[in-house]
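Take a look at the structure below.
The values are calculated or read from the model by the stated rules, or taken from the named source; none is laboratory data. All values reported here derive from a predicted model rather than from experimental measurement. Note that each Cβ is placed from the backbone with ideal geometry, even for glycine, and that neighbours are counted across all protein chains shown. Keep in mind that these areas ignore ligands, DNA and RNA; they rest on the heavy atoms of the full protein, side chains included. Shrake-Rupley method; radii C 1.70, N 1.55, O 1.52, S 1.80 Å.
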Amino acid sequence: MTHFSTQHAQNDFAVAPQGRKQRNIDVILPESASRSAAQVITDLFHAANHLLDDVYYRVRVCPLEALSSDPAAARPRRLVIFLGDIQQRWQLDSKERARVNQVMRVADRTAFVGGAIFLLHELERGQDLDLAIHPNFQASAGECNLFSSEPGASTAVSGSVHSAISSFAAPRMLIDIIAADCGRLAADGMANYLGLEARKGPTKSRVALNLEQKSAGDTLISQSLAVMQDHIEAPLSVAELAESLSVSTRCLQRRYTRHFQRSPLSVYRALRTERAHQLLTQTDIPVRQVAVATGFGSYQNLSQHIRETYGHSPDVIRRSAFRGVAPETVRPTRFRQSEGLSGENRVM
């Protein structure tokens, strides 16, 4: 959720969903900047909330003056991003300097984008930091004793201080910050999913990304998920899946139970149901053909699993998508805790 106001919204301090740590993000803009300058940043953290399970990010976009009465204890686990542009250095008057000093004292991490790096000079904090500096600012940054140990780098991290040369480079910087919160595997998987980082192999589905995160990069899990995604229309049995991976059926079952308390069968169904939902909301393929294309065979089987996961029938989801209903109305549910581990050798 994102707020933009010179005053605090009542739900700005709401707790994270159960089981997730809360990280508060303040994106600070120069007085003349438009809120749209922060859109890429807010979109990325919203995507993190959707894709990752460990941390819930609450984002507030505001001008510096909004922080004058900000109680330090009200926003724990705090990241503050000073979002400058690439045309001019960000300068402060004495009153603003005191505000920024206060903000940096209570923040766990701070990030500086574009001309915002000059705030560090104003506060006499930047002399020993490795910074990402845009070419437009190289000469003046040197005069202010602000330097980069790797000239030409688009991002840099020095302790709890992150920097990016521009708002276009900021997503890579934010992935590094998310890695500090959730681990490098989860952050890089998210970057690949969002197209921020080119990698070999296909982009993973949201379900696969989530499961790889939970398995801490278990190679057998990653390989089995890739095989499942390659065989959506004609699903393999667990025995066939295990054989393709050169492991026993029992080994594969045990690995899934250990990491997820779920069977390979239930995970395979989740991947196929996710694909079916994509076809229902993004194409005009007839619903019965969607059932065939995702290995469910019949409308009845497709409807059962779509209802269990998304709470609506395939027809309702199709109509909602074509009427432009917000995705929040049909969010997927978690795997059912009661789902058993039997029937593993049948075709899925």
Selected residue (criterion: most open to solvent (accessible area, probe 1.4 Å)) from residues of the stretch 161-175 that are closer than 27 Å to residue 101 by Cβ and either among the hydrophobic types (A, V, I, L, M, F, W, C) or at pLDDT below 90 (or both): 165
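Can you tell me which residues in the stretch 263-296 are of a type in the set (D, E, K, R) and either more than 15 Å from residue 310 (Cα to Cα) or out of contact with any His (no Cβ under 7 Å at 6 or more places or on another chain) (or both)? Reasoning before the result, please.
So in the stretch 263-296, the residues of a type in the set (D, E, K, R) come out as 269, 272, 274-275, 284, 288.
Across the stretch 263-296, the qualifying residues are 272, 274, 275, 284, 288.
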Those helices (runs of 4 or more DSSP H) lying entirely in the stretch 93-181 with at least 1 residues over 23 Å from the mean Cα position of the chain (by Cα) and polar (S, T, N, Q): 94-106, 138-143
Residue selected from the stretch 44-65 under the condition free of Cβ contacts under 8 Å to residues at least 40 places away in the same chain and part of a helix (DSSP H, G or I), by the criterion surrounded by the most Cβ atoms within 10 Å (Cβ to Cβ): 64
Any pair with Cβ under 9 angstrom, 6 or more apart, that starts in the stretch 128-141 at a residue that is among the aromatic types (Phe, Trp, Tyr) and ends at one that is in a helix (DSSP H, G or I) and buried (at least 16 other Cβ atoms within 10 Å of the Cβ): 137/114; 137/115; 137/117; 137/118
When residues of the stretch 185-209 are limited to those that are closer than 18 Å to residue 168 by Cα, of a type outside the set (A, V, I, L, M) and part of a loop (DSSP other than H, G, I, E, B), the one modelled with the lowest pLDDT: 197
Condition check for residue 181: in contact with a strand residue (DSSP E or B) (Cβ under 6 Å, 6 or more places away or on another chain) and not hydroxyl-bearing (Ser, Thr, Tyr): yes
One residue from 233, 212 being of a type outside the set (Lys, Arg), touching a Gly at 6+ places or on another chain (Cβ under 7 Å) and not in a helix (DSSP H, G or I): 233
Residue within the stretch 213-235 that is within 30 Å of residue 108 (Cβ to Cβ) and within 14 Å of the chain's Cα centre (by Cα) present: yes
Selection from the stretch 211-230 of residues that are buried (at least 18 other Cβ atoms within 10 Å of the Cβ), in contact (Cβ under 8 Å) with a residue 40 or more places away in the chain and not hydrophobic (A, V, I, L, M, F, W, C): 213, 215, 224, 229
Failed item in (1) at pLDDT 90 or above; (2) touching a helix residue (DSSP H, G or I) at 6+ places or on another chain (Cβ under 8 Å); (3) closer than 24 Å to residue 183 by Cα, with residue 78 passing the rest: (1)
